[in-house]
Amino acid sequence: MLGCFIAVQGLAGAPAPALPSDHVAVERFLGGLEKPPVAYQARRRMDAASIKLNESAWMEALTEYHPNAGFSYSILAQGGSERIRKRVLNKVLEAERENSSGGEWRRGNLSRSNYIFEFDGRAGAGMLKMRLTPRRRDSRLVSGAAILTATSGDLVRVEGRLSKSPSFWVRWVNVSSTYSPVGGTLMPVAIESTADVRIAGMSTFSMTYDYHMVDGQAINASPKLLVER
């Protein structure tokens, strides 16, 4: 999956945080890992391009997730290369639907069962860095780092390379996912990736989220975009 909707039993074997406040922030981050995803509704904008093929495409979709109903989407508007829309943008949404069914989301989330976490020092601008080592090769897991706020341990960004290529046609994928509090709940707000694709060459992908509802709370809701369930 190009957008990618992300631990030993603690920090054993990892370098100790340099400051007591760092330790508190890290423990807070680790303590909040096992929370299940909450219900949400968001309008998303996706863009993808291949420099070698000189093709690009975009798509806007209304997406919804509910713990009982799973993930669903409806395409609102789209344009550009039909090939990229079908082979990239549509597949991103379909992969998310498959990975959110039942308990499948647990296989790709940021958790102790999926990752080994190691404190890796300060990342500048008041941030801390946690090294992420996937416990298995999986196209849903990132080998890289999680960037946290030093004051509260809130997740700001996950960046690195997918630990396994999503398909034979993709040599590697570098991804960066940005998170921010939305209505009091930490949610993904942007994803960017670069991939080396056979035939298509270097390809880029980005996705942004405009939330209308998170965990039952309306977020700048626009009635014409809200879908009744």
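Of everything in region 164-201 that's in contact with an Asp or Glu (Cβ under 6 Å, 6 or more places away or on another chain) and of a type in the set (S, T, N, Q), which residue is modelled with the highest pLDDT?
Ser176
Mind listing whichever residues of region 37-61 are out of contact with any Gly (no Cβ under 9 Å at 6 or more places or on another chain) and part of a loop (DSSP other than H, G, I, E, B)?
Selection gives Pro37, Asn54.
Between a residue in region 76-92 that is under 22 Å from Ala42 (Cα atoms) and any residue that is at pLDDT below 95, which pairs come within a Cβ distance under 7 Å, given they are 6 or more apart or on different chains?
Pairs that qualify, where the first residue is under 22 Å from Ala42 (Cα atoms) and the partner is at pLDDT below 95, are Val88/Leu2; Val92/Met1; Val92/Leu2; Val92/Gly3.
So Ser152 passes all but one of these: (1) over 21 Å from Ser203 (Cα atoms); (2) in a strand (DSSP E or B); (3) not charged (D, E, K, R). Which condition number does it fail?
(2)
Given the options Ser206, Ser193, Ser176, name the one that is in contact with a Leu (Cβ under 9 Å, 6 or more places away or on another chain) and either closer than 25 Å to Asp22 by Cα or assigned to a strand (DSSP E or B) (or both).
Going through Ser206, Ser193, Ser176 in turn, just one is in contact with a Leu (Cβ under 9 Å, 6 or more places away or on another chain) and either closer than 25 Å to Asp22 by Cα or assigned to a strand (DSSP E or B) (or both): Ser193.
Do you know which residues across region 53-112 are at pLDDT below 95, loosely packed, with under 15 Cβ neighbours inside 10 Å and of a type in the set (Asp, Glu)?
Glu98, Glu104
Considering only residues that are of a type outside the set (Phe, Trp, Tyr), surrounded by 19 or more Cβ atoms within 10 Å (Cβ to Cβ) and within 18 Å of Lys164 (Cα to Cα), which ones fall in region 192-218?
Ser193, Ala195, Val197, Ser203
Hey, can you tell me all the residues within region 113-133 that are crowded, with 18+ Cβ neighbours inside 10 Å, at pLDDT below 95 and part of a loop (DSSP other than H, G, I, E, B)?
Within region 113-133, none qualify.
The values are calculated or read from the model by the stated rules, or taken from the named source; none is laboratory data. Keep in mind it's a predicted model, so treat the numbers as computed, not measured. Methodologically, a virtual Cβ is constructed for each residue, glycine included, from the backbone with ideal geometry; neighbour enumeration extends over all protein chains shown.
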